[in-house]
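Nothing in this text is a laboratory measurement; each read-out follows from the coordinates by a stated rule. No experiment lies behind these values; they were computed from the predicted model shown. So basically every Cβ, Gly included, is an ideal-geometry build from the backbone, and we count neighbours across all protein chains shown.
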Amino acid sequence: MKLKHTVMAAAALAVGATASAQAKDKSTLQVVQDRGYMNCQVGQPNPGFYNLDSNGNWSGHDVAFCRAVAAAVLGDPSKIEFQSVTSQVRFTSLANGESDMLSRTTTWTATRDTQLGLDFTTVTMYDGQGFLVSKESGITSSKELDGAAVCVLTGTTTELNLSDYFRSQGMNFKPVTFEDVNVLIETFLKGGCDVYTNDKSGLASRRSAFPDPSKYTILPETISKEPLGPVVREGDNQWGDIVRWSVFAMITAEELGINSGNVDDMRANSKNPEVRRLLGAEGNLHTGLGLSNDWAYNIIKMVGNYGEVYERYIGEKTPVNIPRAGSLNALWTNGGLIYSPPFR
Amino acid sequence: MNSPVRAGNTAHGPERSRFSRMASDPKIRGLVAQAIVGTLIVLAGYYLVSQTIYNMEKRGLTTGFDFLSSTAGFSIGFHLIDYQPTDTFGRVFLVGVVNTLFVSVIAIIFATLFGFIMGIARLSHNWLIARLAASYVEIVRNTPLLLQIFVWYLGVFTLLPPPKQAFELVFGVFVLNNRGFYATAAVPGELFWITGIAIIAGLALTFMFRRAARAQREATGDAPSYAWKALAVLVAAPAAVFVLTGAPLTWEVPTLKGFNYQGGWAVPPPFLALLIALTVYTSAFIAEIVRAGIQSVGKGQTEAALSLGLPRSRTLKLVVIPQAMRAIIPPLISQYLNIVKNSSLAVAIAYPDLVGLWMQTSLNQAGRAIEIVATTMLFYMVVSLSISGLLNIYNRRVQLQER
């Protein structure tokens, strides 16, 4: 009896390994179009960036880029299966093929881009790590943090930046490292640590859900560069191009003044050749991507341009409240870093 | 009974070939079956490993253990061995191992003590004590451990006062606040090792006195007291040595400085929450094991001991518990293994154990998932097998010697 079990277990293992080894030769675009929906990986709900409402619908700044790709590839931004996994397994999950792309405030770093079998496509948000403290503590600068207990989430680049910053400043600190952001916040709100560190966008997002957000302040210093953007698997350049140019289409649309409200009008009446090329009224920019000629039109019509998405989910009118004007995330024409290569 | 081969012969006649005789021999058949299964398992294992390596190479994932000697770069909130962010990933692994073993060993000690007390209390003739112990066991045993860890952490330790309003206990020798538990540390001076040697010598001498006293009791039936001698070598002699070498010990009192208390000996709240949760949870299981063990000893044993005039406490100590141990040890081993493995839930509340440091932070920074998961599994296996090995040796000693 025992013998039989062992044989069966061995056989099951072997079958499992074979199954996972095959079916890798079709292009991601082909696989997604055959399947009829896209698998997009987001994080555990995070106000403003990837939020789950009571009906099970995902929305948010990073979700919008998933929706944009689905609109470009499938012509329907709702044809997405969202995968919400913890940050430690995010890259493994993507590399294994469980998701087709990842869009979840993930920092582009050399190690991640070169050693994990992944490709970062482009930057959708220029962020930086900062510190959140209670106003009551009287702290006004990160230079006053010597000896502080710092709450930090594991499985992120923030842990390393934190050590680097304190080392370079010659200060000491005590990391309190959590796996679950909810336990971290509970600890921070009850005073279990003096500071909460994360990307500033993440701090603003979490603060918006605090019982009394006005009692907390983000210190002015930014201690790291955190370029956030969508990630794809390495080895399928066409798919990487689709994700990258979907983002560029949203940026270019904003630059050219195209938004979800006027896109039909612009496609029909605009004389600007770049607008016409972008919206598929002339030229053949879509062929290299393997998409239909209205791919960019679909993105802007169904999801919106870069600025619309920003203001809708994380702008000053939202609880997350990250001002865009004057920040790195303004368009390059307004002094920011949001810039797209030309559509020609 | 006939041997299997002979049985085959009588059934099919003597002219049957050697091969068919071997085929009908259950012993040989068993060996062949095992060889086939063994080969299949090895092949399956080989296939899995080579396929994994192939897949990883195909996906451009770097593999190997070279990352162990590269700089980790991150800080660790609680470490018992020296650690700097400039140390290597190999060092991080060690820190994690030590932190895991630290909390596990202390939890094992407390859970055993507490479990024995509760187990005996459940059998108490005092109705209230027995009921209290029973409800303790039932409540603790029937709720998930992770939940209990959160209750201790979020419900108790984070609700303690902040550093500036900390509880100072015993005139500030101990301090308790929401950042941890601080105790005044004794810092040994240069000549303290001489006192250390005196203490060890005292322990050795006491042990010898005890053996001599036992030998004498077995020979003559008279048990001489060696308490005074033991006191002299254990306390008086080391104390004298300590004073003669100039009292080489200074006290480091935890004091409020900046954000928090500094100095002394400190453990963070997650450690306390984890330790208490593991202790409480496992002690409930141990209590049941102890109760079952004691009840497995025949009532006649107690009655016989009482009729010999042994008082109740000595009956328990000399007659019941030694026999109960035979039933207690095997399930106790698995509870100890559970403590070590359950300590990995530390990751939920920020105690930097092996899983937190290695499987979370290091895995994220170095990205070597397979290597890191494999080493973590190996560690837990080695620890578990060592514990069960040690306790099995002890178990063999206390088992009934059949002659």
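Computed over the protein assembly as shown, the range of Cα coordinates on each principal axis works out to 117, 95, 52 Å, biggest value leading. Seen from all directions on average, the range B:149-239 presents a Cα convex hull projection of 10.7 nm². Rounded to the nearest 500, the 222 nm mean residue ellipticity of the protein assembly as shown from helices alone is -16000 deg cm²/dmol, with -39,500 (n - 2.57) taken per DSSP H run of at least 4 residues. Run the Debye formula on the Cα coordinates of the range A:64-187, all scatterers equal and no solvent, and tell me log10 I(q)/I(0) at q = 0.14, 0.15 1/Å. The computed values of log10 I(q)/I(0) come out as -0.79, -0.87. Converting phi to 3J(HN,Hα) with the Karplus coefficients 6.51, -1.76 and 1.60 and the offset θ = phi - 60°, the range B:220-235 yields 10, x, 9, 9, x, 7, 10, 4, 5, 4, 4, 4, 4, 7, 7, 10 Hz in sequence order, with x at every glycine or proline.
On the principal axes of its alpha carbon atoms, the range A:129-224 extends 34, 29, 22 Å, with the longest extent given first. Going from the fewest other Cβ atoms within 10 Å to the most, the residues A:Asp265, A:Asp241, A:Asp25 appear in the order A:Asp25, A:Asp265, A:Asp241. Applying 1/(1 + (r/R0)^6) with R0 = 60 Å to the Cβ-Cβ distance of B:Lys58 and B:Leu249 gives a FRET efficiency near 0.45. Its alpha carbons considered, the range B:82-170 gives a radius of gyration followed by a Dmax of 19.0, 60 Å.
Highest mean packing first, where packing is the average number of other Cβ atoms within 10 Å per residue, the peptides A:51-57, A:309-315, B:269-275, B:28-34 line up as B:269-275, A:309-315, B:28-34, A:51-57. Per-residue Cβ neighbour counts within 10 Å put A:Cys40, A:Cys66 in the sequence A:Cys40, A:Cys66, beginning with the fewest. Under 5 Å from the amide H of B:Tyr261 lies no amide H of any residue 5 or more positions distant or on a separate chain, with H modelled from the backbone and absent for Pro and chain starts.
In this structure, the pairs whose alpha-carbon distance is over 31 Å, taken from B:Lys299/B:Lys341; A:Lys190/B:Lys257; A:Lys225/A:Lys271; A:Lys225/A:Lys317; A:Lys143/B:Lys164, are B:Lys299/B:Lys341; A:Lys225/A:Lys271. Taking 7 Å steps out from each Cα toward its Cβ at B:Met377 and A:Asp264 produces label points 5.8 nm apart.
Between B:Ala204 and B:Gln295, the FRET efficiency estimated from the beta carbon spacing at R0 = 45 angstrom works out to 0.70. Classify chain B from the C-alpha gyration tensor, please: rounded if a/c falls under 1.5, else prolate or oblate depending on whether a/b exceeds b/c. Oblate, since a/c reaches 1.5 and b/c is not below a/b. Database remark: amide H of B:Val187 closer than 5 angstrom to the amide H of B:Thr250, B:Trp251, B:Glu252 (H placed geometrically; neighbours at sequence offset of 5 or more, or on other chains; Pro and chain starts carry no H).
Averaging Cα coordinates gives a centre for the range B:165-185 and one for the range B:241-278; these two points are 9 Å apart.
As a proxy for reagent exposure, A:Trp108, A:Trp332, B:Trp152 were ordered by neighbouring Cβ count within 10 angstrom, fewest first; the result is A:Trp332, A:Trp108, B:Trp152.
Dividing the alpha-carbon radius of gyration of chain A by the rule-of-thumb value 2.2 N^0.38 Å gives 1.09.
Taking label points 7 Å from Cα along the Cα-to-Cβ direction, A:Lys26 and B:Gln262 give a separation of 6.3 nm. Take the Cα radius of gyration of the range A:41-123 and divide it by 2.2 N^0.38 Å, N being the number of residues; the result is 1.07.
Against the empirical 2.2 N^0.38 Å (N residues), the range A:191-344 has a Cα radius of gyration ratio of 1.24.
Peptide A:184-196 has a mean of 5 when you count, residue by residue, the C-beta atoms of other protein chains within 10 Å of its C-beta.
Along the range A:122-128 the Karplus relation, 6.51 cos²θ - 1.76 cosθ + 1.60 evaluated at θ = phi - 60°, assigns HN-Hα couplings of 7, 9, 9, 7, 8, 10, x Hz to successive residues, with x for each Gly and Pro. A Förster radius of 45 Å combined with the Cβ-Cβ distance from A:Asn57 to A:Glu136 puts the calculated FRET efficiency at roughly 0.75.
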